[in-house]
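The values are calculated or read from the model by the stated rules, or taken from the named source; none is laboratory data. Owing to the predicted nature of the structure, the values given are computational and were not obtained by experimental measurement. Positions of Cβ are backbone-derived with ideal geometry, glycine not excepted, and every protein chain shown enters the neighbour counts.
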Amino acid sequence: MEKIPMTIEGFNNLESELKNLKSVERPAVIAAIAEARGHGDLSENAEYSAARERQSFIEGRIKELEAALSIAQIIDPKSLSGDIVKFGATVIIVDEEDDEEMKFQIVGQYESNADGGKISITAPIARALIGKSVGDTVEVQTPKGRRHYEILMVMYQ
């Protein structure tokens with residue numbers, strides 16, 4: 001089975017979400033289903049249908065998180081160094097066309113959050129950057145077309 005790279009922070013966040021789903025969300029939805037059953041005819045009971053749908057989502061997410069955590073390969077970015085882009089690196093790049101600078105950390109697929117400055121290692125820009133070093137230029141196909149980025153800085157924090 002292939003390991004999933006993950007930062008310590010990402011692993012801890014997934015564990016917290018799993019704990020919350022099991023100890024808070026699951027019991028709450030079970031109580032909601034029991035209450036909805038008490039309202040009578042289940043075939044026309046919107047509360048019951050909504051609670052069952054929520055329960056299905058919660059159970060699916062629990063299975064997904066348990067599977068991901070069981071094959072996680074925890075990588076501590078603080079233990080890495082150098083100017084070559086690897087998993088966990090925080091990278092500053094500049095778009096060579098419009099001089100727009102971007103800063104983000106390359107993380108695992110379960111912890112990515114573009115708004116939070118974390119992109120998945122499976123994202124096209126991350127794949128293009130892996131193995132490159134400061135001063136290199138990479139070409140990436142984006143929704144805006146082909147873009148060229150220069151790597152300004154690589155940090156491991």
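Residue check: is Ser49 assigned to a helix (DSSP H, G or I) and either modelled with pLDDT of 90 or more or more than 14 Å from Pro5 (Cβ to Cβ) (or both)?
Values: assigned to a helix (DSSP H, G or I): yes; either modelled with pLDDT of 90 or more or more than 14 Å from Pro5 (Cβ to Cβ) (or both): yes.
In short, yes.
Among Glu139, Glu64, Glu111, Glu97, which is surrounded by fewer than 18 Cβ atoms within 10 Å (Cβ to Cβ) and touching a residue at least 24 places away in the same chain (Cβ under 8 Å)?
Result of the check over Glu139, Glu64, Glu111, Glu97: Glu97.
Can you go through Gly82, Gly88 and tell me which one is at positive phi and either outside the structural domain of Ala128 (by TED's automatic domain parsing) or surrounded by 15 or more Cβ atoms within 10 Å (Cβ to Cβ) (or both)?
Working: Gly82 fails: either outside the structural domain of Ala128 (by TED's automatic domain parsing) or surrounded by 15 or more Cβ atoms within 10 Å (Cβ to Cβ) (or both).
The conditions single out Gly88.
So if I check each of Leu14, Leu18, which one is free of Cβ contacts under 8 Å to residues at least 60 places away in the same chain and crowded, with 16+ Cβ neighbours inside 10 Å? Outline the logic, then answer.
On the way: Leu14 fails: free of Cβ contacts under 8 Å to residues at least 60 places away in the same chain.
Every option except Leu18 fails the conditions.
Taking Ala31 as the residue in question, decide whether it is more than 26 Å from the chain's Cα centre (by Cα), surrounded by 13 or more Cβ atoms within 10 Å (Cβ to Cβ) and not aromatic (Phe, Trp, Tyr).
In short, no.
Is it the case, given these coordinates, that Lys78 is under 30 Å from Arg26 (Cβ atoms), outside any strand (DSSP E or B) and basic (Lys, Arg)? Break it down stepwise before answering.
Working: under 30 Å from Arg26 (Cβ atoms): no; outside any strand (DSSP E or B): yes; basic (Lys, Arg): yes.
No: the conditions fail for Lys78.
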